[in-house]
1. Being more than 19 Å from V98 (Cβ to Cβ) and among the small types (G, A, S) is the filter; apply it to region 111-151 and report the residue that is most open to solvent (accessible area, probe 1.4 Å).
2. Looking only at region 38-54, filter to residues that are at pLDDT 80 or above and small (G, A, S); which one of those is farthest from D119 (Cα to Cα)?
3. Scan region 99-125 for residues that are under 28 Å from K155 (Cα atoms) and not hydrophobic (A, V, I, L, M, F, W, C) and jot them down.
4. Report, by residue number, each residue of region 115-147 that is touching a residue at least 24 places away in the same chain (Cβ under 8 Å) and of a type in the set (D, E).
5. Could you give every pair whose Cβ atoms fall below 7 Å, whose first residue belongs to region 158-170 and is within 20 Å of I110 (Cβ to Cβ) and touching a residue at least 40 places away in the same chain (Cβ under 8 Å), and whose second residue is hydroxyl-bearing (S, T, Y) and buried (at least 16 other Cβ atoms within 10 Å of the Cβ), counting only separations of at least 6 or pairs across chains?
6. Only one of Y166, Y148 is assigned to a loop (DSSP other than H, G, I, E, B), out of contact with any Leu (no Cβ under 9 Å at 6 or more places or on another chain) and modelled with pLDDT of 90 or more. Can you tell me which?
7. Check whether at least one residue in region 71-88 is surrounded by fewer than 20 Cβ atoms within 10 Å (Cβ to Cβ) and at positive phi, and report yes or no.
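The values are calculated or read from the model by the stated rules, or taken from the named source; none is laboratory data. Source: prediction; values computed, not measured. Cβ placement follows ideal geometry from the backbone for every residue including glycine, while neighbour counts extend to all protein chains displayed. These area figures cover heavy atoms from the full protein model, side chains too; ligands, DNA and RNA do not enter into them. Shrake-Rupley method; radii C 1.70, N 1.55, O 1.52, S 1.80 Å.
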Amino acid sequence: MSGFSPYECAKEFATHTNRSLFITGKAGTGKTTFLRQFRAETTKQLAVVAPTGVAAVNAGGTTIHSFFQLPFTPFTPTPAGREALIARMKMSSARRTVIRELEVLVIDEISMVRADVLDAIDTVLRHVRHRHAEPFGGVQMIFIGDLYQLSPVAKADEWQILSTYYQGIYFFHSRVMQEAPPVYVEFDKIFRQSDNVFIRVLNEVRNDAL
């Protein structure tokens, strides 16, 4: 998309294709603005989730575990692990309908999402939507976040289980990301000029400069 800014490029992909996107960038580059604007303007059936309650409130959505009825125990990306997840899932018919009609799922603060959680989301989407052969059950995914900020958390005993299946704990280490890599878009222009000092400090933290 020659001539497009990263912001415009992300908007074009999100609006006019069904390609999944990973939108990243430093603090103040417009990631939250993009989410709010896309949510306000899109005609697609959309849901917004985030890994924590605070992030979910900030994004105007709900938590991943609440939306998908996921347990807080590690998910193992095996046939047995998938069967166990589906078997213990207690999802209302209303929520199933929402998921079946879903066209776009936005995950905000993606840096905090563990690889196994993303594979669990993929498993639920494929199952509920009856589209088992398609990554995320055919839903367009928009991942938003800065990998230099908050990282996923895995306790030692959890990582002991997960390390059998994953090279690392980040969302991009998930099985589904290996199968279907998203389009990568990095916002690089700082928009919040009024917060210059705050932006500089955040970016110094981001780059381990402090």
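1. That would be A133.
2. A40
3. D108, E109, S111, R114, D116, D119, D122, T123
4. If the condition is that a residue be touching a residue at least 24 places away in the same chain (Cβ under 8 Å) and of a type in the set (D, E), then D116, D119, D122, D146 are the ones that fit.
5. From residues that are within 20 Å of I110 (Cβ to Cβ) and touching a residue at least 40 places away in the same chain (Cβ under 8 Å), the pairs are Y165/T76.
6. The unique qualifying residue is Y166.
7. No, region 71-88 contains no residue that is surrounded by fewer than 20 Cβ atoms within 10 Å (Cβ to Cβ) and at positive phi.
This table checks each residue for (1) at pLDDT 95 or above; (2) open to solvent by less than 10 Å² (accessible area, probe 1.4 Å); (3) over 15 Å from the mean Cα position of the chain (by Cα).
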| residue | (1), (2), (3) |
| --- | --- |
| A56 | no, yes, no |
| G60 | no, no, no |
| T63 | no, no, no |
| S92 | no, no, yes |
| R100 | yes, no, yes |
